[in-house]
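Report on the structure given below.
The values are calculated or read from the model by the stated rules, or taken from the named source; none is laboratory data. Computed from a predicted structure; not experimentally measured. Glycine gets a Cβ as well: all are built from the backbone with ideal geometry, and neighbour counts include every protein chain shown.
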């Protein structure tokens, strides 16, 4: 037998906290996109090292310490492939990074594969209009109305793009006590998240409570850790591939003996999506809220369209997420088959039967950690989503969902793009959506509601790997790592 | 029957490509080929790729491969004749570099040479599957026009809001409009169907076909013995006894015929018996016993498990110690029954002489109860160990250079993202080549038979979206070529195979390996380090279940296309939808047809 694979429960201290929690109680969020200026690599590394040392980077262990007194601030750092290279992390020949990450979301070939053409992006992980490629992504979460956590970015070292918080993104609905995340079109967001097996997520609801409320459908959302965290078993029961970088093994920083650089990391597929709220409001005025909900695939308060209980009665997110399509709504009479939510997570819609369909869908789940943002320019307020999807296999997860479900006109034999994030190019397919549940399958014409402003693939390293990247010498080596170091030398 | 399918997918391999012909996308050769395939109408898909030479090959230049997927019922010779002798001369422009300086030769002379060379390089598929069976490119085109017209009409009708919420009335109105449209007169005839999807679709027809063949075979064997005996009898009656030698020969033939007949019948009975046992243990017992079901599932899971664990390792070795001897014993019993039934009869008499009937029955019942108890205990142990976790905890398994895609392959996939995707994979047959090539051929014939007779609705197993998938054993059994065009992305395609056709895919690929090779041209992938197909267990387990290894293996074996022609770009589902709409619009009015029409117009 070879060496044992790491036990997830023993690695929480090395996993960045955003993989364990969406920080639902921290209602302010900001994102910094940093490009390291030419010749400033050392200064950049020093600044990042200082940031890491300051203790703002939360680990999964920090997140799980206490449910009654959760952490009051959190940040995460991720790097694009060019960012890692810029900071001196060269992939090894034997264990290079996956091709999609190396080529970058901003590359031409990814534009083709993601059906993104035409693109008019402000920034990407490959190039950018003003600064060049984005090297580092920093996300921070703070309590509502708190000031920014990271405000001292040296602009002589970094070219910075700031994505600011939308203060209206958390609101109370249906008279509930808790404020919930609402995106710019007025719909609840952040529901239907996968539950990572053996990683109890702490977003305010107890595990047994969530399990009881979802009943037998709870298992539909339980996904193997390896689908999101590198180095663990995935839905194929296989250990997810971990790339390595030069010098890592010799550094002796691996928390798990023999663990490669990417262990406990994840890939982030990031997109800045601007939402045309005016256009959507005009559509709502013309067609009514009911049609808007059909378009989205959920009620504005987050309940499924087929919800039969009293909608005003407070319902837990777990219960609201416990539904399938095939048995009750195979023809899309309630939730159209082309609705946005049904496209991004078709649950049991595809496949030959319910079980195989659920199994197959689990191969393509995404852990969403995005938040709404707001920006002021030319006297106008622009709103949107800073979309972040954590996944361990970019090709099988994010790219598959984008290419084969969301942006595929022929998805489940339809002939139109996604109603919300689909192409605005009228030459491709009509911007229209059928409502099979309405008389004669009525069809509505759609405006272009969203525009993607930028995007990139980032690697979210484990804490030890993060210290290695920023050259943080003060971070202690693990006991097991000395063995690995000795073996390597 | 299999020949019909295999002939539809051919690859023409011409070694010694010198790379002087311009095969750029907008070049004259590719344009001419596009026009040629368009005009001959029977080519549904074509592609060109360069196959790098084997490291041990005498000629290190690559082979030029032309892949053709054509309509049913055309032989490779007819197809190539039609292409080579086409007035456009497109095929000559592709292959002219094999005869440098021969441009001035007579056209007929050139074409003769070319046809001869191409026929020498023809490889008809050793196995294949066609998703949109019984549809021609022309039919698909016409039906797509009907689908598009129906959608446009529906959009216009919805705008008038005349039909309220009556879906049946709406569907009827659409059907009437289609009926009144003269350009769709062709649709009045129902869409043609292959025998196995039409009249032969029932299980009775499929089983009956096999039975009929078997009975005919038995009759033929019986006649081999009966006819000489009859002739000899008539001769003896007419002219008296023949020479003793003739009598001996006839006796031998009769005896041989009787022996073959007996063996065949007992062989069939043994097969039925083995099938019954398989059904009993794999279907019936799991249905009635929860413990058995759970245990069987866990055995399958452990044998398939891609990571090394104590549970998987121990299951595998228990399989060797208990499972394999049991299976060997059953098969040996079946063989004895087939070839030496007297031994079994003797043993039975000996047994009944020693024990009474009720004792034998009691022993069998006790054996079954003991087996169920053992399975129950194993199932219980399984659960207990699961709680401890260590038994199932995985061990590291290094997969070097995983999730890597060569740039030209990535671009090829990106460029056709709105069309059907395409994959060309070239691997080496494992040694001993002859033995493994035989196994591959056998596996592929089974896949082809099942694809032809059972999987007639566009899915191979439960893997959807395959237009054409064909396998070729080339270079005297040394290499293995797989070409396929399909709906979706490469990763999704392989996921479908891993989940939907696990055993078939493992069987088709497990005899191969990937040896180092040079790239065929600048910008084309090379294989620097050898890779093996993921290890299998008991031939059909594991294999493709090792997703990382399997995808890396498949990715590294891939070659980019330099040219591709796709007569129709619709997905298999869209093709089926359009055919269904044709039959629904012009068929009888009922709920099912109305529903299909309304589904077809959804956006």
Exercise. For the range B:13-36, which residues satisfy the criterion of being without any contact (Cβ under 8 Å) to a residue 60 or more places away in the chain and outside any loop (DSSP other than H, G, I, E, B)?
Worked result: B:31, B:35, B:36
Exercise. Looking at the range A:49-65, which of its residues are part of a strand (DSSP E or B) and either over 18 Å from residue A:27 (Cα atoms) or more than 21 Å from the chain's Cα centre (by Cα) (or both)?
Worked result: A:59
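Just to verify a result, which residue in the range A:394-411, among those that are more than 7 Å from chain B (Cβ to nearest Cβ) and assigned to a loop (DSSP other than H, G, I, E, B), is nearest to the chain's Cα centre (by Cα)?
Once the filter is applied, the top-ranked residue is A:394.
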For this session: Determine which member of the set B:494, B:514 is more than 14 Å from chain A (Cβ to nearest Cβ) and either in contact with a helix residue (DSSP H, G or I) (Cβ under 6 Å, 6 or more places away or on another chain) or farther than 23 Å from residue B:431 by Cα (or both).
Result: B:514
Problem set entry | Failed condition for residue B:190, given (1) outside any helix (DSSP H, G or I); (2) surrounded by 14 or more Cβ atoms within 10 Å (Cβ to Cβ) | (2)
For this session: Inspect the range B:320-330 for any residue being free of Cβ contacts under 8 Å to residues at least 60 places away in the same chain, part of a helix (DSSP H, G or I), within 27 Å of residue A:239 (Cβ to Cβ) and within 14 Å of another protein chain (Cβ to nearest Cβ) and give the result as yes or no.
Result: no
For this session: Only residues that are within 25 Å of the chain's Cα centre (by Cα) and either in a loop (DSSP other than H, G, I, E, B) or surrounded by fewer than 18 Cβ atoms within 10 Å (Cβ to Cβ) (or both): list them for the range B:45-77, please.
Result: B:71, B:72, B:73, B:74, B:75, B:77
Seminar exercise, completed: Among (1) within 23 Å of residue B:537 (Cβ to Cβ); (2) at pLDDT below 90; (3) loosely packed, with under 11 Cβ neighbours inside 10 Å, residue B:369 falls short only on (1)
Problem set entry | Qualifying positions in the range B:570-603 - more than 10 Å from chain A (Cβ to nearest Cβ) and in a loop (DSSP other than H, G, I, E, B) | B:587, B:588, B:589, B:590
Exercise. Out of all the residues in the range B:151-175, which are more than 11 Å from chain A (Cβ to nearest Cβ) and closer than 30 Å to residue B:71 by Cβ?
Worked result: B:175
Exercise. Considering B:395, B:411, which residue is under 30 Å from residue B:310 (Cα atoms), at pLDDT 90 or above and within 14 Å of chain A (Cβ to nearest Cβ)?
Worked result: B:395
Exercise. Which condition number does residue A:238 fail, the rest of (1) in contact (Cβ under 8 Å) with a residue 60 or more places away in the chain; (2) within 14 Å of another protein chain (Cβ to nearest Cβ); (3) closer than 14 Å to residue A:392 by Cβ; (4) in contact with a helix residue (DSSP H, G or I) (Cβ under 7 Å, 6 or more places away or on another chain) being met?
Worked result: (1)
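Could you check the range B:24-44 and list, in sequence order, the residues that are under 26 Å from residue B:518 (Cβ atoms), surrounded by 18 or more Cβ atoms within 10 Å (Cβ to Cβ) and out of contact with any strand residue (DSSP E or B) (no Cβ under 6 Å at 6 or more places or on another chain)?
B:29
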Exercise. Being assigned to a helix (DSSP H, G or I), within 14 Å of chain A (Cβ to nearest Cβ) and either in contact (Cβ under 8 Å) with a residue 40 or more places away in the chain or out of contact with any strand residue (DSSP E or B) (no Cβ under 9 Å at 6 or more places or on another chain) (or both), is that true of even one residue in the range B:345-356?
Worked result: no
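Within the range A:356-370, is even one residue more than 14 Å from every other protein chain (Cβ to nearest Cβ), out of contact with any helix residue (DSSP H, G or I) (no Cβ under 9 Å at 6 or more places or on another chain) and surrounded by fewer than 22 Cβ atoms within 10 Å (Cβ to Cβ)?
Yes, because at least one residue in the range A:356-370 is more than 14 Å from every other protein chain (Cβ to nearest Cβ), out of contact with any helix residue (DSSP H, G or I) (no Cβ under 9 Å at 6 or more places or on another chain) and surrounded by fewer than 22 Cβ atoms within 10 Å (Cβ to Cβ).
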Problem set entry | Yes/no for residue A:82 being surrounded by fewer than 23 Cβ atoms within 10 Å (Cβ to Cβ) and within 20 Å of residue A:457 (Cα to Cα) | yes
Exercise. Can you spot a residue in the range B:101-119 that is within 28 Å of the chain's Cα centre (by Cα) and more than 30 Å from residue B:576 (Cβ to Cβ)?
Worked result: yes
For this session: Please state which of the following conditions residue B:449 fails to meet, knowing it meets all the rest: (1) closer than 25 Å to residue B:531 by Cβ; (2) touching a helix residue (DSSP H, G or I) at 6+ places or on another chain (Cβ under 7 Å); (3) not in a strand (DSSP E or B).
Result: (1)
For this session: Tell me, yes or no, whether the range B:395-408 has at least one residue that is crowded, with 19+ Cβ neighbours inside 10 Å and farther than 30 Å from residue B:487 by Cα.
Result: yes
Exercise. Inside the range B:106-127, can you point out the residues that are surrounded by 15 or more Cβ atoms within 10 Å (Cβ to Cβ) and out of contact with any strand residue (DSSP E or B) (no Cβ under 7 Å at 6 or more places or on another chain)?
Worked result: B:110, B:111, B:113, B:114, B:115
Exercise. Do we find a residue being facing chain A (nearest Cβ under 10 Å) and assigned to a helix (DSSP H, G or I) anywhere in the range B:427-440?
Worked result: no
Problem set entry | Residue under evaluation residue B:417, criteria (1) in contact with a strand residue (DSSP E or B) (Cβ under 7 Å, 6 or more places away or on another chain); (2) within 11 Å of chain A (Cβ to nearest Cβ); (3) modelled with pLDDT under 90; (4) over 30 Å from residue B:207 (Cα atoms), criterion not met | (1)
Problem set entry | Close pairs from the range B:473-494: first without any contact (Cβ under 8 Å) to a residue 60 or more places away in the chain, partner part of a loop (DSSP other than H, G, I, E, B) and surrounded by 24 or more Cβ atoms within 10 Å (Cβ to Cβ), Cβ under 7 Å, at least 6 apart | none
For this session: Looking only at the range B:588-598, decide whether some residue is surrounded by 22 or more Cβ atoms within 10 Å (Cβ to Cβ), in contact (Cβ under 8 Å) with a residue 60 or more places away in the chain and over 27 Å from the mean Cα position of the chain (by Cα).
Result: yes
For this session: Would you point out which residue out of B:264, B:194 is at pLDDT 90 or above and within 40 Å of the chain's Cα centre (by Cα)?
Result: B:264
